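Each remark here refers to the structure printed beneath this line.
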Amino acid sequence: MQERLQKIISQAGVASRRAAEKMIQEGRVKVNGKTVTELGVKVDPLLADIRVDGKKISARQRHVYFLLNKPKGYISTAKDERGRSTVLDLLSEVKERIYPVGRLDNNTEGLLILTNDGALMNGLLHPKYEVEKTYVARIAGEPDEVLLDRLRQGIRLEDGMTAPAKVRLLEQGGGQSRVEISIHEGRNRQVRRMFAAIGSDVKALKRVKFAGLTLEGVGRGKHRELTAKELSALYRLAGLKE
Ligand code: URA
């Protein structure tokens, strides 16, 4: 993909966008051996040989990080063979090829991180780091604390015992309950299956927290970039150095 030269230089970490423009105007930048002094020039960073003061710019892709408040009815894979809406449809202005960090079911809403930083993605999903995810579930039935304790202790599912969960009853009445549950595993449909195992059908499910991040200030279907501070915290949680 072609991009403006000053953008490529700044994304390579050489200088700010403004400083990169100045470098171009000063004749310090060469593309495929030719000096470029105009600012409008676009090149493909993966194909062109770009040098600043004779030093080659690496074509490494800039990493981007987004927090999305996923609505129901969007699937979390990058492409769907059945033509359903995907979470990427909600970030259509993002040029980089990003991927969701883990998955939420089509009918689950809430917090989803998307990035093109494979190392961070792998770290956050690795069982070793036990990254915590918190959900609020609206369930059928009014389970008592004895039943909820079974979730707290770990419950047998067809793919084995779950790790102990943190469970908090938020509301109960009229044959329904709202329960907050925090887990660090990421098995397929895990929360729904855990509640099914105590006889409660999940009617609605929302992820409200992931790796310490919350949905605060991000409306349904909206997204924002992560801040540098949030990113450092994620790197630490994923066992990575910045
Ligand atoms: N657990 C589920 O059952 N569904 C999700 O989408 C996430 C966790």
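The values are calculated or read from the model by the stated rules, or taken from the named source; none is laboratory data. The structure displayed is predicted, hence computed values, not measured ones. A quick note on method: Cβ atoms are made from the backbone with ideal geometry, for glycine too, and the neighbour counts reach across all protein chains shown. SASA here: full protein model, heavy atoms, side chains in, ligands and nucleic acids out. Shrake-Rupley method; radii C 1.70, N 1.55, O 1.52, S 1.80 Å.
Below are the figures for this structure:
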{"item": "Close pairs from the stretch 1-19: first modelled with pLDDT under 80, partner open to solvent by 100 Å² or more (accessible area, probe 1.4 Å) and of a type outside the set (A, V, I, L, M, F, W, C), Cβ under 6 Å, at least 6 apart", "result": "S10/R17"}
{"item": "Unique residue being open to solvent by 20 Å² or more (accessible area, probe 1.4 Å), in contact with a Ser or Thr (Cβ under 9 Å, 6 or more places away or on another chain), closer than 19 Å to S76 by Cα and modelled with pLDDT of 95 or more when the list is V191, V208", "result": "V208"}
{"item": "Matching residues in the stretch 202-241 - criterion: being in contact with a helix residue (DSSP H, G or I) (Cβ under 7 Å, 6 or more places away or on another chain) and within 16 Å of the ligand (Cβ to nearest atom)", "result": "V202, L205, A211, L213"}
{"item": "Members of the stretch 2-32 that are in a loop (DSSP other than H, G, I, E, B) and open to solvent by less than 60 Å² (accessible area, probe 1.4 Å)", "result": "A12, A15, G27"}
{"item": "Matching residues in the stretch 45-86 - criterion: being out of contact with any helix residue (DSSP H, G or I) (no Cβ under 9 Å at 6 or more places or on another chain), of a type in the set (V, I, T) and farther than 20 Å from L231 by Cβ", "result": "T86"}
{"item": "Odd one out for D201, checked against (1) modelled with pLDDT of 95 or more; (2) open to solvent by 50 Å² or more (accessible area, probe 1.4 Å); (3) touching a strand residue (DSSP E or B) at 6+ places or on another chain (Cβ under 8 Å); (4) within 29 Å of T115 (Cα to Cα)", "result": "(4)"}
{"item": "Spans of strands (runs of 3 or more DSSP E) in the stretch 58-147 with at least 1 residues basic (K, R), surrounded by 15 or more Cβ atoms within 10 Å (Cβ to Cβ) and in contact with a Ser or Thr (Cβ under 9 Å, 6 or more places away or on another chain)", "result": "65-70, 133-140"}
